[in-house]
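Q: Following this message is one structure expressed as structure tokens.
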Amino acid sequence: MTEAEGIVGEFKSLKRSSDADLLAMQVGDFYEFFDEDAEIVGEELDLKTSKKSSGGTKYPMAGVPVAELTPYLKALVERGYRVAVANQRETESGHVREIERVATPGTLLETSDADARYVAAIVDDGGAASRGDDTYGLAFADVTTGRFYVTGVDGDDPRESALTELYRFDPVEVLPGPSVREDDELVGTIRDRTGATPTLFDAEAFAPGAAERALTEQFGAETVDSVGVETDAAIRAAGAVVAYVEETGTGVLASMTRLQRYRDADHAELDATTQRNLELTETMQGDRSGSLYDTIDHTVTSPGGRLLKEWLQRPRRSRDMLERRQSSVEALAAAALAREELRETLGEAYDLERLASKATHGSADARDLLAVRDTLGLLPELEAVIDAAPQLDDSPLAEIVDAPDRDAAAELRETLDAALAEDPPSTVREGGMLTRGFDEELDEIIERHEELEEWFDTLAERERRQHGLAHVSVGRNKTDGYYIQVGKSAADDAPDHYENVKTLKNSERFVTDELEEKEREIMRLEERRGDLEYELFCELREAVADAAETLQDVGRAIAELDALASLAVHAVGNDWTRPELAEPGADVEIEQGRHPVVEQTTDFVPNDASLTDDRRFLIVTGPNMAGKSTYMRQTALIVLLAQIGSFVPARKATIGLVDGIYTRVGALDELAQGRSTFMVEMQELSKILHSATDESLVILDEVGRGTATYDGISIAWAATEYLVNEIGARTLFATHYHELTALGDHFDSVANVHVAADETDGNVTFLRTVREGPTDRSYGIHVADLAGVPDPVVDRSQDVLGRLRDDKAIDIRGSGGSGGSGGETKQVVFDVQSGQMKTASADGGEASQRDERSPGRTDAENEGRATDASDSSAALPVDEDAEAVLDHLQDLDVNETPPVELMAKVQEWQNKLND
Ligand code: ADP
Ligand code: MG
């Protein structure tokens with residue numbers, strides 16, 4: 001067997017033993033990929049591949065220098081590959097290669113991304129729950145910070161709730177269990193909806209017994225009990241994550257010190273669609289800039305930024321905890337000088353959670369430990385700043401800074417301070433990391449080492465004096481070690497005990513016995529110094545790893561102060577106010593509210609929004625571009641901001657806390673970008689109708705727009721009734737279906753508002769002002785009017801529209817009451833004479849006719865009715881041309897048609913009718 005064959009053969013057998021996608025195998029100073037792996041790597045990373053001959057076959061080969069593996073590993077993992085890394089060790093019987101870790105998206109420590117990187121497990125208990133009622137279990141671990149969360153999910157639609165929870169954490173890798181296969185729907189769903197890599201992990205790890213063992217081994221039996229992870233599904237998910245992190249060999253399990261069980265009930269629901277619609281962390285176009293987070297983020301540390309983002313994505317429901325945050329923000333807003341001092345101090349902090357993780361993983365160097373020392377040293381400084389400012393000292397900030405184990409932090413800091421040199425190298429094997437006075441033996445070595453260095457430094461001078469030599473110097477290099485160098489002209493004067501070792505062009509090099517002896521000693525010392533320092537350093541690093549929990553606490557306190565200070569900075573700079581928080585489900589009343597992002601770039605017109613008992617459901621009308629979407633979003637964002645403990649962009653606000661914010665925004669906006677289909681729109685609507693409660697806030701923007709008018713209005717109508725009668729959620733519903741405004745008269749809790757536009761001399765001015773009541777006109781026809789369509793046509797359009805509306809008369813369900821489903825059924829018809837919606841008597845013949853056209857019937861039936869209506873007192877003309885025109889009219893979406901086209905169409909119809 002040739003050497004090459006041996007290598008490729010070894011590669012292949014190692015590869016077979018792992019389930020990774022790729023293997024990087026160390027061969028001397030390189031990590032090599034062979035065969036298919038080399039081709040993939042070459043292609044993905046634009047890396048040059050060469051050929052390695054082996055037993056008559058040529059194998060592709062690609063390699064990266066050992067020291068440069070990290071960036072390549074990162075790039076491959078980010079492209080979704082799981083990469084096994086086999087390292088080479090020297091043993092007495094030669095090289096041994098073993099897979100030491102598998103880098104996967106969720107266990108990649110070498111990230112520079114400031115965001116958390118969660119590896120998640122989702123377990124479907126399949127109704128086999130024995131300990132509790134949970135049917136889904138979820139666990140999340142961020143190996144870069146050691147965070148570990150677990151929860152169980154139940155409820156009406158546990159799968160959907162579990163998935164929502166999964167999206168909220170935005171994991172990079174997901175382990176679905178217990179025995180999920182590649183072609184399971186869940187795998188596809190995870191891939192499509194999270195962008196995370198689904199990894200099918202060993203079913204064994206999900207087994208209740210194994211999972212519980214893994215979990216108790218990691219966190220201790222008492223912790224597992226006291227945290228209250230009592231359901232099978234949750235335990236199985238958590239156990240699987242622990243086993244997975246262990247198996248991938250990152251060695252960070254030790255930084256996972258705390259198991260945190262969280263309950264859904266702590267957070268307000270905010271699904272992925274809503275996060276996107278509200279542009280929380282990126283805009284609809286996918287840019288970070290212009291998002292809410294980007295706008296309000298003034299944090300000075302990456303943990304602070306990470307926390308603020310997490311707050312936005314996971315708003316809270318507990319009034320107590322929110323009010324504590326508010327009080328901190330208020331104090332920081334008031335104490336400008338202290339705030340800036342605090343932020344300046346925070347600005348010096350390093351990412352302690354990540355450093356703790358690096359220490360446990362064994363990858364921290366002396367500079368990292370120095371960063372730990374310095375960051376721990378900030379704690380007393382931060383406390384001093386808070387102490388010195390009465391406002392801050394009286395606020396919950398004092399407790400935040402006091403929460404970590406201060407003694408443990410101070411002790412570790414002192415240990416590090418006593419040990420580390422001020423400017424250590426980034427290598428850990430060559431000494432120079434530790435300071436004098438830390439270790440006696442090390443000090444002795446260093447002292448002797450320095451003596452010897454001094455001896456060598458002064459040797460040239462001594463030789464010159466002693467032997468009368470001119471041109472003498474002493475040097476050292478890798479191959480020759482120490483030598484005495486004498487210029488050619490003086491070389492003849494070299495004393496006898498000089499031993500010539502090398503002849504150069506202009507000089508001769510000599511050694512002496514004494515020099516060689518000293519050289520051996522200095523080499524020995526250097527080696528011992530390196531070893532001893534490394535040993536001491538490892539102890540130090542372990543001490544840091546042992547204090548991981550304290551470091552995480554301190555890191556957390558720093559992040560919290562940073563995030564709170566950021567909220568204060570934004571509040572002060574933008575004239576935001578502290579909202580009053582009211583109990584869940586209570587009124588939302590916003591005076592002079594603004595859109596937090598739009599107000600940055602526009603002369604914003606503030607508006608009130610009040611969702612009180614007699615107006616829990618607002619129908620928002622107004623022409624295109626009036627500001628409907630902005631108004632609704634700003635209301636949602638103000639509620640959201642209130643529920644992270646922030647101040648809000650309003651003059652005054654009272655926020656009845658919500659248990660979730662649900663949005664379905666802008667079929668028009670979304671469709672235009674090809675992001676949505678009618679199916680998606682309906683799925684989202686369905687989700688809202690299933691999930692929202694009377695404590696939720698629902699924003700519906702142009703729902704039903706994605707289909708033909710009749711379907712759309714029917715769905716919008718029925719959804720409104722359902723939200724009002726069955727759910728009772730506080731809702732804002734923007735619609736271009738003017739017909740829906742009639743609902744305002746029939747439900748106590750439904751009110752109409754419109755975004756006003758002013759029209760003078762044919763010019764529309766958007767006032768951006770929200771006013772009570774529905775819009776008084778149909779804007780499509782209004783636009784036709786503005787475009788100069790002849791008056792008779794405009795008048796006739798109004799008339800025809802009226803007739804069409806008449807034909808679409810719909811009964812209103814459960815009118816007159818809110819909340820109950822048993823409300824009495826009334827019907828409303830459009831009265832052509834008065835131009836008003838009217839309530840019809842329930843026993844009239846007309847009413848029963850209408851009844852057939854209730855929204856419960858299919859679209860086809862409704863549409864069929866719509867064209868052959870013959871029961872109206874104002875029956876439409878039956879002549880063929882007229883009917884054709886009417887058909888066209890009906891199909892035409894006035895809002896979607898450019899005015900000029902509209903004009904041409906109307907002209908065409910007129911011609912047809914006049915013929
Ligand atoms: P609509 O949903 O009614 O079509 P949008 O909410 O999309 O309208 O708003 C249209 C434009 O008006 C946006 O560019 C927005 O920035 C601006 N706008 C909306 N509301 C206001 C306001 N209150 N003050 C200033 N500009 C506003
Ligand atoms: Mg809009």
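The values are calculated or read from the model by the stated rules, or taken from the named source; none is laboratory data. Note that the coordinates shown come from a computational prediction; the quantities given were computed from them, not determined experimentally. Note: ideal-geometry Cβ built from the backbone for every residue, glycine included; neighbour counts use all protein chains shown. Note: areas computed on protein heavy atoms with side chains; ligands, DNA, RNA excluded. Shrake-Rupley method; radii C 1.70, N 1.55, O 1.52, S 1.80 Å.
Q: Quick one: ranking Y244, Y350, Y81 by accessible area, 1.4 Å probe, largest first, what do you get? Present the calculation step by step, with values, prior to reporting the outcome.
A: Working: Y244 0, Y350 120, Y81 45 Å².
In descending accessible area the options line up as Y350, Y81, Y244.
Q: State in Å² the accessible area per residue of region 1-118; use a 1.4 Å probe, count heavy atoms of protein chains only, and round to the nearest integer.
A: Values: 5930 Å² over 118 residues.
On a per-residue basis, 50 Å².
Q: Helix 791-807 sits at what angle to the longest principal axis of the chain, using alpha carbons and giving 0 to 90 degrees rounded to 10?
A: 90 degrees
Q: Can I ask one more? Could you tell me which residue out of A336, S363, P315 lies farthest along the dipole of region 293-381 toward its positive end? Charges go on the beta carbon: Lys and Arg +1, Asp and Glu -1, centred on the Cα centre.
A: Toward the positive end, the furthest listed residue is P315.
Q: Among V96, A114, V474, which residue has its Cα furthest toward the positive end of the charge dipole of the chain, with +1 on Lys/Arg Cβ and -1 on Asp/Glu Cβ?
A: The one lying farthest along the dipole's positive direction is A114.
Q: Hey, rough spin-label estimate for T189 and D546, points 7 angstrom out along Cα→Cβ, what's it come to in nanometres?
A: 4.6 nm
Q: Which value, in debye to the nearest 20, describes the size of the charge dipole of region 118-264 about its Cα centre when Lys and Arg Cβ atoms bear +1, Asp and Glu Cβ atoms bear -1, and nothing else is charged? Provide the component values of the computation, followed by the final result.
A: Working: 12 positive and 28 negative charges, 98 e Å.
Using only the charged Cβ atoms, the result is roughly 480 debye.
Q: A further question on this structure: Any number yet on Rg/Rh for the chain, C-alpha, Kirkwood? Intermediate results must be reported in sequence, preceding the final value.
A: Values: Rg = 36.8 Å, Rh = 33.1 Å.
Using only Cα positions, Rg/Rh for the chain is 1.11.
Q: Where a Cα-Cα gap under 24 Å defines reach, which lysines qualify for K652, not counting those fewer than 8 residues away within the same chain?
A: K628
Q: Provide the percentage of antiparallel DSSP beta bridges, counting only those with both residues in the chain; round to the nearest 5. Walk me through the numbers before you get to the answer.
A: Values: 76 of 112 bridges.
Of those bridges, close to 70 percent are antiparallel.
Q: Which sequence of T427, T273 reflects their accessible areas, 1.4 Å probe, from the largest down? Please report the intermediate quantities before stating the final value.
A: Numbers: T427 55, T273 30 Å².
Solvent-accessible surface, decreasing: T427, T273.
Q: Taking θ as phi - 60°, what are the ³J(HN,Hα) couplings along region 907-913 by the Karplus curve (6.51, -1.76, 1.60), each to the nearest whole Hz, with x for Gly and Pro?
A: Karplus-based 3J(HN,Hα) across region 907-913 equals 4, 4, 5, 4, 4, 4, 5 Hz.
Q: Could I ask something else about it? How tilted is helix 880-891 with respect to the longest principal axis of the chain? Cα atoms for both, answer in degrees (0 to 90, nearest 10).
A: Roughly 30 degrees, rounded to the nearest 10.
Q: When only Cα pairs under 8 Å and 6 or more residues apart are kept, what is the percent relative contact order across region 420-552?
A: Details: 140 pairs, mean separation 34.2, N = 133.
Normalised by residue count, the contact order of region 420-552 is 26 percent.
Q: Each residue of region 586-602 in turn: what ³J(HN,Hα) in whole Hz from Karplus with 6.51, -1.76, 1.60 and θ = phi - 60°, glycine and Pro shown as x?
A: The phi angles translate into 6, 4, 10, 10, 10, 9, 6, x, 10, 8, x, 8, 4, 5, 5, 10, 10 Hz.
Q: Given the whole protein assembly as supplied and a 1.4 Å probe, what does the accessible area of K15 come to in Å², nearest 10?
A: 50 Å²
Q: Based solely on its DSSP helices, what 222 nm [θ] is calculated for the chain when runs of n ≥ 4 H residues each add -39,500 (n - 2.57) and the sum is averaged over all residues, nearest 500 deg cm²/dmol?
A: Values: 35 runs with 418 residues, N = 915.
It comes out at -14000 deg cm²/dmol, rounded to the nearest 500.
Q: Pop out the carbon and sulfur fraction of the accessible area of the chain as a percent, whole number, probe 1.4 Å. Kindly include the intermediate steps, with their values, before the conclusion.
A: Working: 17640 of 40210 Å².
Carbon and sulfur: 44 percent of the exposed surface of the chain.
Q: Compute, for region 311-421, the length of the dipole vector about the Cα centre, with Cβ point charges of +1 (Lys, Arg) and -1 (Asp, Glu) only. Units Debye, rounded to 20.
A: 720 debye
Q: What ranking do 162-173, 351-362 get when scored by the average of other Cβ atoms within 10 Å per residue, highest first? Working shown, then result.
A: Values: 162-173: 23.0, 351-362: 24.8.
Going by the mean number of other Cβ atoms within 10 Å, highest first, we get 351-362, 162-173.
Q: Quick check: Cα centre of region 430-455 to Cα centre of region 331-368, how many Å?
A: 32 Å
Q: Taking K15 as the anchor, which aspartates and glutamates have their alpha carbon closer than 17 Å to its alpha carbon, excluding any fewer than eight residues away along the same chain?
A: The reachable aspartates and glutamates, counting only those whose Cα sits under 17 Å from K15, are E5, E32, D35, E36, D37, E39, E98, E100, E247.
Q: Rounded to the nearest 10 degrees, what's the angle between the helix 709-722 long axis and the longest principal axis of the chain, both from Cα atoms, 0 to 90?
A: Its long axis makes an angle of about 80 degrees.
Q: State to the nearest 20 debye the size of the charge dipole of the chain about its Cα centre, where the only charges are +1 on K and R beta carbons and -1 on D and E beta carbons. Write out the running numbers ahead of the final one.
A: Values: 92 positive and 184 negative charges, 230 e Å.
I would put it at about 1100 debye.
Q: Quick one: net charge around D881, please, counting Lys, Arg +1 and Asp, Glu -1 for every other residue with C-beta under 9 Å from its C-beta. Could the numbers behind the result be given before it?
A: On the way: positive: K912; negative: D879, E880, E883, D915.
That sum, taken over residues with Cβ under 9 Å, equals -3.
Q: Once the dipole of the chain is set up with Lys and Arg at +1 and Asp and Glu at -1 on Cβ about the Cα centre, which of A207, P774, P606 lies farthest towards its positive end?
A: Value computed over the given set: P774.
Q: Let me ask another. For S291, what charge total do you get from the other residues with a beta carbon under 11 Å from its beta carbon, if Lys and Arg give +1 and Asp and Glu give -1? Can you show the working numbers first?
A: Numbers: positive: R276, R288, K309; negative: E279, E282, D287, D294, D297.
Once positives and negatives cancel, what remains is -2.
Q: Would you kindly state how much longer the chain becomes between V900 and K488 on full extension, computed as 0.36 nm times their sequence separation minus their alpha carbon distance, in nm to one decimal? Show your work: numbers first, answer last.
A: Numbers: separation 412, 0.36 × 412 = 148.32 nm, distance 9.91 nm.
Contour length minus Cα-Cα distance gives 138.4 nm.
Q: Given a cut-off of under 8 Å on Cα pairs at least six residues apart, what relative contact order in percent is computed for region 5-95? Don't skip to the end; give the middle numbers.
A: Details: 123 pairs, mean separation 30.3, N = 91.
Relative contact order for region 5-95 comes out at 33 percent.
Q: While we're on this one: Can you sort R462, R429 by solvent-accessible area, 1.4 Å probe, largest first? All intermediate terms of the calculation are to be shown ahead of the outcome.
A: On the way: R462 70, R429 150 Å².
So, going from the largest accessible area down, we get R429, R462.
Q: Could you rank the peptides 379-392, 740-753 by their average count of other C-beta atoms within 10 Å per residue, with the highest value first? Please report the intermediate quantities before stating the final value.
A: Working: 379-392: 18.1, 740-753: 21.7.
The densest-packed peptide leads the list: 740-753, 379-392.
Q: Same structure, new question: Considering amide H positions built from the backbone, and no H for Pro or chain starts, which residues 5 or more places from T731, or on another chain, come under 5 Å of its amide H?
A: Residues meeting the criterion, in which the H sits 1.01 Å from N, are F617, L618, V698.
Q: Related question: Using the Karplus equation 6.51 cos²θ - 1.76 cosθ + 1.60 (θ = phi - 60°), what ³J(HN,Hα) coupling, rounded to whole Hz, does each residue of region 301-312 give in order, writing x for Gly and Pro?
A: Listing the rounded values in order: 10, 6, x, x, x, 4, 5, 4, 5, 4, 4, 4 Hz.
Q: For the chain, what's the relative contact order in percent, using C-alpha pairs closer than 8 Å and at least 6 residues apart?
A: On the way: 1670 pairs, mean separation 73.6, N = 915.
Computed over the chain, the figure is 8 percent.
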